[in-house]
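Chemist: Shown below is the structure under consideration.
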Amino acid sequence: MPQLPVTCPSCDADLTVGREHLNRPVRCGACGKTFVPVADPGGREPDDLPPRKKKGEGGAGLGILSLILGVLALVTCCCGPFALLLGGGAVLSGLIGLVYRDGRGLAIAGLVLGLLAIVLQVGAMAAGFRLGGDPFNIF
Ligand SMILES: [Zn+2]
């Protein structure tokens, strides 16, 4: 039997009543007063409520994002400062992804790849500056 949320007018207790009790006097379980519950036109039935997201879910997407950014950063780490942005994104999304239980392995992989790409890029730029040439074209 579907239960409908109603509020006791006497004590403001949140109650649920069966649909068959609507518009009929019921006794409030909290204060004992009798009132007539009416359907809340704007209210939603408990059956319609979306399932609550469990804590710990939602990290897989961030982990995958971090891994993709990390791989891209590593692939492009010899092609200029663009890799720094990708690497930074990989590190950032990896760090955020670490908070979540699922996708943590992916987040760690993305984090490591992103850091590696940044280190390689910074090293390449440093080497380029030392050689006095174009810092983004050392090969
Ligand atoms: Zn009451």
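The values are calculated or read from the model by the stated rules, or taken from the named source; none is laboratory data. As the structure is a computational prediction, the values presented were derived from the model and not from experiment. Counting neighbours? That spans all protein chains shown, and the Cβs are built from the backbone with ideal geometry, glycine included.
Chemist: Of the residues in region 65-78, how many are surrounded by fewer than 17 Cβ atoms within 10 Å (Cβ to Cβ) and either outside the structural domain of residue 93 (by TED's automatic domain parsing) or modelled with pLDDT of 80 or more (or both)?
Modeler: Summing the residues that are surrounded by fewer than 17 Cβ atoms within 10 Å (Cβ to Cβ) and either outside the structural domain of residue 93 (by TED's automatic domain parsing) or modelled with pLDDT of 80 or more (or both) in region 65-78 gives 1.
Chemist: Does residue 31 satisfy the condition of being out of contact with any His (no Cβ under 8 Å at 6 or more places or on another chain), modelled with pLDDT of 85 or more and either hydroxyl-bearing (Ser, Thr, Tyr) or in a loop (DSSP other than H, G, I, E, B) (or both)?
Modeler: The answer is yes for residue 31.
Chemist: A further question on this structure: If a residue must be part of a helix (DSSP H, G or I), crowded, with 16+ Cβ neighbours inside 10 Å and modelled with pLDDT of 80 or more, how many such residues does region 99-129 contain?
Modeler: 16
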